[in-house]
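**Q** Here you go, one structure.
The values are calculated or read from the model by the stated rules, or taken from the named source; none is laboratory data. Since we're looking at a predicted model, the values are computed, not measured. Note: ideal-geometry Cβ built from the backbone for every residue, glycine included; neighbour counts use all protein chains shown. Keep in mind that these areas ignore ligands, DNA and RNA; they rest on the heavy atoms of the full protein, side chains included. Shrake-Rupley method; radii C 1.70, N 1.55, O 1.52, S 1.80 Å.
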Amino acid sequence: MQILVPDDPVFISKFIAIEQPLLYSLYYFYLSDLDSTQAKLISTAYDSWDQIQQRLPIPLQWQITAAGGCQQHLAAGYVLHDLNSRELPSLYTMDLPLDQLHTLQACHSMLAQVEKTTDGPLAEALTELADQGPDLVDDFRRALEVMNLKAPQRLLEALQRASAAGPVMTLILDEALRADYHDFCSRVVYVLSGGDRFTYTSHLALYP
């Protein structure tokens, strides 16, 4: 599945949180306490997260590994501008295997269900992990929802062509593409803000 992923610090932080402290901690510190079904799904989801992380566009991988820098446009192959020559936050195309996404969704559904209870080792583990971040499971959901957003086909194709063109080029979004860009980024921000109006408005200001 071809998707668009945003060069967005909020998305990056929630994506990272899927692995650390959530899946990493469950896998390395609690797995032996869980029943076989739960342990297998968490183990498979951890592998899926790692494979998806390796598929991320290089500029986002650099940010995740704290090795980002001014070379990110070079790796992307393009810089986005609107008709007024303003540079826009980047969107990157990504091929996301559905089986890996479905595994992460199944894992999230299990964790969200268990989180509602106070029974069993997994519920106890999530309670302990909540001390590191009370919204870990919900952040997991929001990151997955962003990756599930349907990309505007016209914008997706334009970015695919620009990415393949290289070396660095400026992609100027015409009015139609700019409208697609704004609509998609607005949906990303809405998902990440959890519907909170103030958070949504403040975050959307990142996208001129």
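**Q** List the trypsin sites (Lys or Arg not before Pro) within the stretch 111-208 that DSSP assigns to loop and that have no more than 15 neighbouring Cβ atoms inside 10 Å.
**A** Numbers: sites: LYS116, ARG141, ARG142, LYS150, ARG154, ARG161, ARG178, ARG187, ARG197; in loops: LYS116, LYS150.
Filter output for the stretch 111-208: LYS116, LYS150.
**Q** What whole number of Å gives the distance from the Cα centroid of the stretch 143-199 to the Cα centroid of the stretch 76-137?
**A** For the stretch 76-137 versus the stretch 143-199, the Cα centre distance is 18 Å.
**Q** Considering only protein heavy atoms and a 1.4 Å probe, what is the carbon-and-sulfur percentage of the accessible area of the chain? The partial results should precede the final answer.
**A** Working: 5350 of 10330 Å².
Whole-percent figure for carbon plus sulfur exposure: 52.
**Q** Per residue, how many Å² of accessible area does the chain show with a 1.4 Å probe?
**A** Working: 10330 Å² over 208 residues.
Accessible area per residue, the chain: 50 Å².
**Q** Next question, about the same structure. Please list the equivalent ellipsoid semi-axes of the chain, computed as the square roots of five times the alpha-carbon gyration tensor eigenvalues, in descending order and whole angstrom. Please list the in-between numbers first.
**A** Details: eigenvalues 231, 63, 41 Å².
Listed largest to smallest, the semi-axes of the chain are 34, 18, 14 Å.
**Q** Let me have the 222 nm mean residue ellipticity of the chain computed from DSSP H runs of 4+ only, each contributing -39500 (n - 2.57), with the sum over all residues rounded to the nearest 500. Can you show the working numbers first?
**A** Numbers: 10 runs with 121 residues, N = 208.
For the chain, the value works out to -18000 deg cm²/dmol.
**Q** Give me the one-decimal Kirkwood hydrodynamic radius in Å for the stretch 100-208, with the sum taken over alpha-carbon pairs.
**A** On the way: mean 1/r = 0.0601 Å⁻¹.
Computed over the stretch 100-208, the radius equals 16.6 Å.
**Q** Would you tell me the accessible area of THR201, worked out with a 1.4 angstrom probe on the heavy atoms of the protein chains, in Å² to the nearest 10?
**A** Number for this one is 90 Å².
**Q** Right, here's the next one. Which of the lysines could a cross-linker span from LYS150 if the Cα-Cα distance has to be under 20 Å and same-chain partners fewer than 8 positions apart are dropped?
**A** Counting by Cα, and skipping residues close in sequence, LYS150 has these lysines nearby: LYS14.
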